Amino acid sequence: MKYFISTIHIGRPQSFENAEGKVWTSAIAKSPVEGRVRVRFENLEGDQQADRVHHGGPDKAVLGYSSSHFPFWREQFDHWDVGSGSFGENLTIEGQTEQEVCIGDVFQVGTSQLQVSQPRQPCWKLTRRWSIPKLALHVQQTGYTGWYFRVLKEGWIETGKTLDLLERPCPDITVSWAHQVMHTKPSSRAADLRLSECSYLSESWRKQLRDRTEKASQKQREERRLSGPVSSHPKPPQ
């Protein structure tokens, strides 16, 4: 099956005002563009991020979202005119989903090469933009999050271009599975370790997983220090 870009979106930071009169800034509201768009190592040309700590950068240069999820969201929220660009994505991708895309996948898109780096982690700005209570949480719970690409080769893309798979180094680490590992509670130390050792995963996710694994190890060591082997527990005094 061929996967292709149905729309391309870019945006710059804008100021919005919520119901309480508080102003917030985001580039989540993006506009479709026609014609060729330059893909750079940090982002698409003309696209910006308001929060450079949590968005953008080499590991999160381009955000993709599957158009396959739109019917589901329309069914969940019948008043929401959801469609291309609704999730603040740069690329609305036809057909491809989180269950099919793997961390480390390299795609030829136009003259550029993009590599899947991590699942998208939705934040409160998605909820606030659409005024749908707990929307970001709903997106996280479904796993219909979208995913980020890093740019391996700068170039040009345009609507209608296919995503042609060049490499799949981690066929068993789908975006969907990576998302489940990160957000399953309580977490599995074995799964955390396995995912953290994937060199194609974004460094921010690898660090979170390593930190979580270390905390779990520290907790186990503390429990062993206090409890010791079960067989060595003294009998209570008679």
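Every read-out reported here was derived from the displayed coordinates using simple, explicitly stated rules and does not represent laboratory data. Model, not experiment: these values are computed from the prediction. So basically every Cβ, Gly included, is an ideal-geometry build from the backbone, and we count neighbours across all protein chains shown.
Some points to look at:
- Taken along the Cα-to-beta-carbon direction at a fixed 7 Å, the label points for Ser187 and Gln99 span 2.6 nm.
- Neighbour net charge for Ser202 - beta-carbon separation under 13 angstrom, K R +1, D E -1: +4
- Table column - 3J(HN,Hα) (Hz), region 86-95, Karplus curve with 6.51, -1.76, 1.60, x for Gly and Pro: 5, 9, x, 6, 7, 10, 8, 10, 7, x
- Between the residues Pro171, Val151, Gln121, the greatest Cα displacement towards the positive end of the dipole of region 107-185, with unit charges on the Cβ of Lys, Arg, Asp and Glu, is found for Gln121.
- Vicinal HN-Hα couplings computed from phi for region 29-40 (Karplus, 6.51 cos²θ - 1.76 cosθ + 1.60; Hz; Gly/Pro x): 8, 10, 10, x, 10, 9, x, 6, 10, 7, 9, 10
- Taking a ≥ b ≥ c as the square roots of the eigenvalues of the alpha carbon gyration tensor, region 2-111 is oblate, as a/c is not under 1.5 and a/b does not beat b/c.
- For region 165-186, backbone nitrogen atoms closer than 18 Å to the point 7 Å from Arg210 Cα along Cα-to-C-beta are found at 182.
- Amide hydrogen proximity for Leu166: with H placed 1.01 Å from N in the peptide plane, the residues at 5 or more positions away or on another chain lying under 5 Å are Val106, Phe107, Gln108.
- Taking amide H as placed 1.01 Å from N in the peptide plane, the amide H of Ile10 sits under 5 Å from that of Ser31, Val33, each at least 5 places away or on another chain.
- Amide hydrogen neighbours beyond the local backbone of Trp156, cut-off 5 Å, H modeled: Val39, Thr111, Ser112
- Among Gly35, Gly83, Gly21: highest mean-square fluctuation, GNM of the chain, C-alpha pairs under 10 Å: Gly21
- Applied to region 145-157, the Karplus parametrisation 6.51 cos²θ - 1.76 cosθ + 1.60 on θ = phi - 60° returns per-residue 3J(HN,Hα) values of 9, x, 8, 9, 10, 9, 9, 8, 9, 5, x, 10, 10 Hz, with x for Gly and Pro.
- The alpha carbon convex hull volume per residue for the chain rounds to 175 Å³.
- Extension gain (nm, one decimal) between Glu20 and His79, 0.36 nm per residue minus Cα-Cα: 19.0 nm
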